[in-house]
């Protein structure tokens, strides 16, 4: 299946941004996969953004993370996009 990943992603209009290493079965294997995916998600935004924009999103996410509730840069970007889309709809 690994040989087809790039081709499948291209057909879906997506791009492969990382690979999760293989893991053993069972609870320890599942825990390793969970950790690997979390590390990948922490380092990759699903869209390409400039370095300055990424830094701004990271600062906003850090400011929004309060009371032990961590806010992700993707959540910040999604919220900003939702607000901009709503404002554009309201403006006509």
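Laboratory data are not the source of any read-out in this text; all were calculated from the coordinates shown. Everything quoted here is computed from the prediction, not taken from an experiment.
Restricting to DSSP H runs of at least four residues, report the calculated mean residue ellipticity at 222 nm for the chain, -39500 (n - 2.57) per run over all residues, nearest 500 deg cm²/dmol.
-20500 deg cm²/dmol
Relative contact order, percent, of segment 22-91 when contacts are C-alpha pairs under 8 Å separated by at least 6 residues?
Once normalised by length, the contact order is 20 percent.
For residue 89 and residue 63, calculate 0.36 nm times their separation in residues minus their Cα-Cα distance, and state this gained length in nm to one decimal.
Residue separation times 0.36 nm, minus the Cα-Cα distance, leaves 6.6 nm.
Please compute the length gained on full extension between residue 36 and residue 7, using 0.36 nm multiplied by the number of residues separating them and subtracting their Cα-Cα distance.
Stretched fully, the residue 36-residue 7 segment lengthens by 8.1 nm.
So what is log10(I(q)/I(0)) for the chain at q = 0.14, 0.17, 0.24 1/Å, when the Debye sum runs over its Cα atoms only?
-0.75, -0.98, -1.19
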